[in-house]
Amino acid sequence: MPGFKESVWVAPSPTLYFSNIPADALPELEAHVGQLEGFIPPMRRAKGGAIAFADFDSTQKATTAMHSCMGLQVCGSAEGIRISYDKDDSAAKRQEKEKNTAREAANTALSKYHCKICGAFVIKLGKPLEKL
């Protein structure tokens with residue numbers, strides 16, 4: 001059927017995917033989304049311009065935001081924008097990357113105080129032992 005795009009089920013996530021955005025409508029869409037509870041600015045617009053992503057602090061708040069944006073017509077667009085969950089869940093990936101970075105930093109700091117001979121953790125005193 002011409003003009004019909006098959007739907008694909010996407011698991012709920014804290015990131016929403018907007019598509020079919022008219023070129024001049026992003027400021028209006030950002031203003032609407034920016035007022036929604038749990039929104040984490042800024043909205044990200046992909047190259048090419050017809051799609052954007054919005055992160056929320058929870059999947060529940062993203063779902064509420066999705067319902068509030070359904071049927072939203074911006075800048076007089078006849079068709080309206082399409083909205084769904086982000087299939088790649090970029091917010092979760094970013095949070096996981098931040099956790100891994102923090103974990104690596106903690107492990108690096110701990111390795112400085114790890115005895116390489118016996119494997120025990122030691123306390124750095126700041127002074128050589130012979131001066132105590």
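The values are calculated or read from the model by the stated rules, or taken from the named source; none is laboratory data. Small disclaimer: the values here were computed from a predicted structure and weren't measured. All Cβ positions, glycine included, derive from the backbone under ideal geometry; neighbour counts span all protein chains shown. Areas reflect the complete protein model, heavy atoms only, side chains present, ligands, DNA and RNA absent. Shrake-Rupley method; radii C 1.70, N 1.55, O 1.52, S 1.80 Å.
Observations on the structure shown:
- Residue, modelled with the lowest pLDDT, within the stretch 72-95, restricted to residues that are closer than 14 Å to LEU29 by Cβ and polar (S, T, N, Q): SER77
- Test: residue in the stretch 51-58 that is among the polar types (S, T, N, Q), open to solvent by less than 40 Å² (accessible area, probe 1.4 Å), under 18 Å from TRP9 (Cα atoms) and at pLDDT 85 or above: no
- Candidates are the residues of the stretch 59-71 that are open to solvent by 70 Å² or more (accessible area, probe 1.4 Å) and either touching an Asp or Glu at 6+ places or on another chain (Cβ under 9 Å) or under 11 Å from PHE18 (Cα atoms) (or both); the one that is modelled with the highest pLDDT is THR64.
- Those residues of the stretch 47-75 which are assigned to a helix (DSSP H, G or I) and out of contact with any strand residue (DSSP E or B) (no Cβ under 9 Å at 6 or more places or on another chain), in sequence order: GLN60, HIS67, SER68
- Which numbered condition GLY38 misses (of (1) surrounded by 13 or more Cβ atoms within 10 Å (Cβ to Cβ); (2) small (Gly, Ala, Ser); (3) closer than 21 Å to GLU79 by Cα): (3)
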